[in-house]
1. Would you kindly state how much longer the chain becomes between ALA238 and GLU365 on full extension, computed as 0.36 nm times their sequence separation minus their alpha carbon distance, in nm to one decimal?
2. Subtract the Cα-Cα distance of PHE92 and SER293 from 0.36 nm times their separation in residues, and report this length gain in nm to one decimal.
3. Among the lysines, which fall within straight-line cross-link reach of LYS340, defined as a Cα-Cα distance under 21 Å, with same-chain neighbours fewer than 8 residues apart omitted?
4. Rg and Dmax of the chain over Cα atoms: what are they, in angstrom?
5. For Cα pairs less than 8 Å apart in space and 6+ apart in sequence, what is the mean separation divided by the residue count of the chain, i.e. the relative contact order in percent?
6. Assuming R0 = 45 Å, can you tell me the calculated FRET efficiency for the pair ALA34 and ALA355, based on Cβ-Cβ distance, to the nearest 0.05?
7. Need one number: nm distance between label points at ARG43 and THR276, each 7 Å from Cα along Cα→Cβ, rounded to one decimal.
8. Given a 1.4 angstrom probe, what's the average accessible area per residue across the stretch 30-118, in square angstrom?
Amino acid sequence: MTEDSPDDPNTASPGGQAMWGGRFATRPADLMQAINVSIGFDRRLADQDLAGSRAHAAMLRMQGVITSEDEAAIQGGLDAIATEIRDGTFPFRDEFEDIHMNVEARLRELIGPAAGRLHTARSRNDQVAVDFRLWVRDACDRTVAQLKRLQGALLDRAEQHADTLMPGFTHLQPAQPVTFGHHLMAYVEMFGRDAGRFADARRRMNECPLGAAALAGSPFPIDRDATARALGFDRPTANSLDSVSDRDFALEALAAATLCGVHLSRLAEELVIWTTPQFGFVRLSDAFSTGSSIMPQKRNPDAAELVRAKVGRLMGSFTQLTLVMKGLPLAYSKDMQEDKVPTFEAFDALELSLAAMTGMVLDLEPVAERMAAAAGAGFSTATDLADWLVRTLDMPFRDAHHVTGAAVKRAEALGVDLPGLPLAELQALSPGITPAVYDVLTPAASAASRTSFGGTAPDQVRRQAALWRERLS
């Protein structure tokens, strides 16, 4: 993926010579070839490279740059190459360095000299820019589709468990009772933001660099709007230097992938915690658990642990490409060949993680009785007592907070929870307290009372789930 002449229609050379070899007397050293070659990984751009070449050839014929006969031969040859790649018979060869030259060399073998006209008015610089942009755009589309499937799985479980109580935590300490459905809906929101980031990135990247040539544009009468439309872009890029040197689209997609990985890791961590015997909130089936080679009793949530770890790969890919790009002058430098491996690896990891998490969400079974028992632990309805004092006795909240803290301290001393604290003990702290206070001190009553928009009350959970169903449809 090195630069070459933007306008020479005869860059392909017969006999296995390097296609840029006219300037050189000898072939590169083997070590140079080893560090330079990229076909081992950029072959993944084959479909995008063929699409770009088809669009470019059609435009050249429409503009009268090449003849209809040459275009027909080129298109037929490209179709034959596509078939070979699909069937696994295409001869990928290191001596042609990258996917672009491999395709062009094979095209020359199939159709002869007409193949050399395909590279008129373009460079490998704008060629790889459009190929990679197309690939990242496709990856964003795939990821959004996967995120919607994960959200759908979470919505299914949230609706099933809109009334299932569990403890809500802050600092991983019991805070207030919530419902399992409400907890899962929090991740629906997170993954919705992730989908939005990928969609935003896609909109910004949807400009076509083809026609920028090496860095300065082309003297041929090309129609960049036509190639942009043919490839599904909104418009051509506006500056030829920026067109070939920009990798913001990949960096932005990797940033979105990293944040999505963070959200996946948080949910994975909760699954790891919840499946421990100490918590016992959910069970995963054999399909998403593994055993131990020495301890027969073990059931390990390895899928969740591996998803949790993948964020390191995603963040590493983002950091790697950032460091490649940070000091590069305009326009193209060979450093930019290092953009693809981290991007490919990141999206491979993300797509696998999303699939695994969707499977685990559909697979998990909540242990409702265990979660309900834990929902009342740690005096989790203390805020409900304070709120009752404010509503019923018109007590300032700070005073109610103090009384409630004293009640928790007394209950702790007596070895009971708040619903078990005798009325006399409560009245000793505030004489106006009546037996009605016990109506708000159960976890179920606490959760049901949180009816504000976005709250944990079961009706609110169902309302939010319905809103998300509408958005996703």
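1. Full extension of this stretch gives 40.4 nm more.
2. Numbers: separation 201, 0.36 × 201 = 72.36 nm, distance 4.22 nm.
So the extension gain works out to 68.1 nm.
3. Output for LYS340: LYS310, LYS326.
4. 30.8, 101
5. Details: 716 pairs, mean separation 81.2, N = 473.
Computed value for the chain: 17 percent relative contact order.
6. Between ALA34 and ALA355 the formula returns 0.80.
7. 4.6
8. Value for the stretch 30-118: 43 Å² per residue.
The values are calculated or read from the model by the stated rules, or taken from the named source; none is laboratory data. Nothing here was measured: the structure is a model prediction, and the numbers come from that model. When we count neighbours, we look across all protein chains shown, and the Cβ atoms used for this are built from the backbone with ideal geometry, even at glycine. For the accessible areas, the whole protein counts, side chains as well, though only heavy atoms, and no ligand, DNA or RNA atoms are used. Shrake-Rupley method; radii C 1.70, N 1.55, O 1.52, S 1.80 Å.
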